[in-house]
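**Student:** The structure that follows is given in the form of structure tokens.
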2 protein chains.
Amino acid sequence: MTRNDKVVAIKKPATKRGEATRRRLLAAAEAEFGQKGYHAASVSGITSEAGVGQGTYYLYFDSKEAAFRALVADVSVGVRRAMAEAVSGAPDRMTAERMGLEGFVRYVFEHPHLYRIIQESQFVDEALFKCYYRDLAAGYAAVLAQATDCGELAPGDAETRAWAIMGIGHFLGLRFAVWDGIETPAAVMDAVMDLLANGMAPR
Amino acid sequence: MTRNDKVVAIKKPATKRGEATRRRLLAAAEAEFGQKGYHAASVSGITSEAGVGQGTYYLYFDSKEAAFRALVADVSVGVRRAMAEAVSGAPDRMTAERMGLEGFVRYVFEHPHLYRIIQESQFVDEALFKCYYRDLAAGYAAVLAQATDCGELAPGDAETRAWAIMGIGHFLGLRFAVWDGIETPAAVMDAVMDLLANGMAPR
């Protein structure tokens, strides 16, 4: 356990009101870090955006870096929750894959600073950036492995598939949500799903 | 044509010796920007790494930003050349896809600063970053469209496939070359190629 983990653990608010303030600070941190970048962002920018005093800030976070770390952890939870919600009720695994990718791009569309925050995390602390992706990949690979065991997917390596589909999703989010400010066009999603379902070797 | 394009065009060296000095400056810029990041990097760091005087530097580049822009353009050419060399002699398109991905990861392995430089380019000038990926994708999609026309690939959207495979390559390079300092393990490449060739729908 690092010093920061400990601080985050200690500073986790116990009350609903505390949790609401923490969420307001995290939303403000998302705007501040996302708009200015890590180095130009400041605690006073976050507190001003959140409409709380600096004294309140330090009840929740020890430093600028502590808020950034908490924000990356929160993005990770948010992405996974959004994708889990997006795929709920999918009739089969390939449909779930489509709904998951669509849900990911929609989440990026709704959180336009997400890419900048995650990309910057590697310069703040490479371990933070690695863990973000490795946690996502591990959870996703477990789902794919389970689906493969149940015959919902053809046999194949779940970990490699998880990273491959994350890579596909990475550029869908970048091209459409970040660059063009739109969700994924249906024709593009059809083509992605054809590739994922059937590959591209001559048939 | 922007002001910077003009400067780069004017300052292109005419002699072989001039080209050798420019290449030495670009290699030094790769080390300087890659190790320190754009903001901490300096012209004096580049000239000191290259072993040339600042007067010489300004014969080639107008500013720190001009060298960075030239470096991103050079990385783009380098990645494409490395991949073209990697796939030359491939007996069929799916084998070429494998050799291309392997060649990309090898290039990243040999240029460990490449990811940092490309990721930082979006903060220096987002157009630079977009053009890097859009140029790569356009060239790659043209190759895939041609192969599809010739029946070497199953019918499918070449542009979507190009971005999808670039996404797969992006995380292969990150996981293995950048994080672990190795080339792609053969078993992982086998699993990627199975996904690309056959997809993962139940068969």
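The values are calculated or read from the model by the stated rules, or taken from the named source; none is laboratory data. Not measured: the values here are computed from a predicted model. When we count neighbours, we look across all protein chains shown, and the Cβ atoms used for this are built from the backbone with ideal geometry, even at glycine. Remember, those area values only see protein heavy atoms, side chains included, never the ligands or the DNA or RNA. Shrake-Rupley method; radii C 1.70, N 1.55, O 1.52, S 1.80 Å.
**Student:** For the stretch B:88-113 and the stretch A:91-145, write down the distance between their C-alpha centroids in whole Å.
**Tutor:** 26 Å
**Student:** What does the structure give for A:151-158 when I average, per residue, the other chain Cβ atoms found within 10 Å of the residue Cβ?
**Tutor:** 5
**Student:** I need the inter-copy label distances for A:Glu19: point set 7 Å along Cα to C-beta, values in nm with one decimal, smallest first.
**Tutor:** 6.5
**Student:** Under 5 Å between amide hydrogens, which residues at least 5 positions from B:Gly199 or on another chain qualify, with H placed 1.01 Å from N in the peptide plane?
**Tutor:** A:Gly199, A:Met200
**Student:** Could you please put A:Thr15, A:Thr160 in sequence from largest to smallest accessible area, using a 1.4 Å probe?
**Tutor:** Result of the area sort, largest leading: A:Thr15, A:Thr160.
**Student:** Once you average over the residues of A:188-194, how many Cβ atoms of partner chains fall within 10 Å of each Cβ?
**Tutor:** 5
**Student:** Determine the shape class of the stretch A:37-80: with a ≥ b ≥ c the square roots of the Cα gyration tensor eigenvalues, call it rounded for a/c under 1.5, and otherwise prolate if a/b is greater than b/c, oblate otherwise.
**Tutor:** Because a/c hits 1.5 or more and a/b exceeds b/c, the stretch A:37-80 counts as prolate.
**Student:** Keeping the other protein chains in place, figure out the carbon and sulfur percent of the accessible area of chain A, with a 1.4 Å probe.
**Tutor:** Carbon and sulfur: 54 percent of the exposed surface of chain A.
**Student:** Counting each DSSP H run of 4 or more residues in chain A as -39500 (n - 2.57), what helix-only mean residue ellipticity at 222 nm follows after dividing by all residues, to the nearest 500 deg cm²/dmol?
**Tutor:** When only DSSP H runs of four or more count, the value is -24000 deg cm²/dmol.
**Student:** Applying the Karplus parametrisation 6.51 cos²θ - 1.76 cosθ + 1.60 with θ = phi - 60° to the phi angles of the stretch B:141-156, what ³J(HN,Hα) value in whole Hz is obtained for each residue in order, glycine and proline being reported as x?
**Tutor:** The phi angles translate into 4, 4, 5, 5, 5, 4, 5, 5, 4, 8, x, 7, 10, 5, x, x Hz.
**Student:** Compute the distance in nm between two label points, each set 7 Å from the Cα along the Cα-to-Cβ direction, one at A:Tyr38 and one at A:Ala154.
**Tutor:** Between A:Tyr38 and A:Ala154, the simple spin-label model gives 4.1 nm.
**Student:** Related question: Spin-label point model (7 Å from Cα, Cβ direction): what's the B:Ala84 to A:Arg81 distance in nm?
**Tutor:** Going by the 7 Å Cα→Cβ label model, 4.9 nm.
**Student:** Please provide three numbers in whole Å: the alpha-carbon extents of the stretch A:3-198 along the principal axes, with the largest listed first.
**Tutor:** Cα spread of the stretch A:3-198 along its principal axes, largest to smallest: 56, 34, 31 Å.
**Student:** Can I ask one more? In sequence order, what are the phi-derived ³J(HN,Hα) couplings for the stretch A:69-84 according to the Karplus relation 6.51 cos²θ - 1.76 cosθ + 1.60 with θ = phi - 60°, rounded to whole Hz, with x for glycine and proline?
**Tutor:** Once rounded to whole Hz, the list reads 4, 5, 5, 4, 4, 5, 4, 4, 5, x, 4, 5, 5, 4, 6, 4.
**Student:** Summarise the long-distance tail of P(r) for the protein assembly as shown by giving the % of C-alpha pairs beyond 37 Å.
**Tutor:** Within the protein assembly as shown, distances greater than 37 Å cover 29 percent of Cα pairs.
**Student:** Across the residues of B:171-179, average count of Cβ atoms on other protein chains within 10 Å?
**Tutor:** The shielding value for this peptide is 4.
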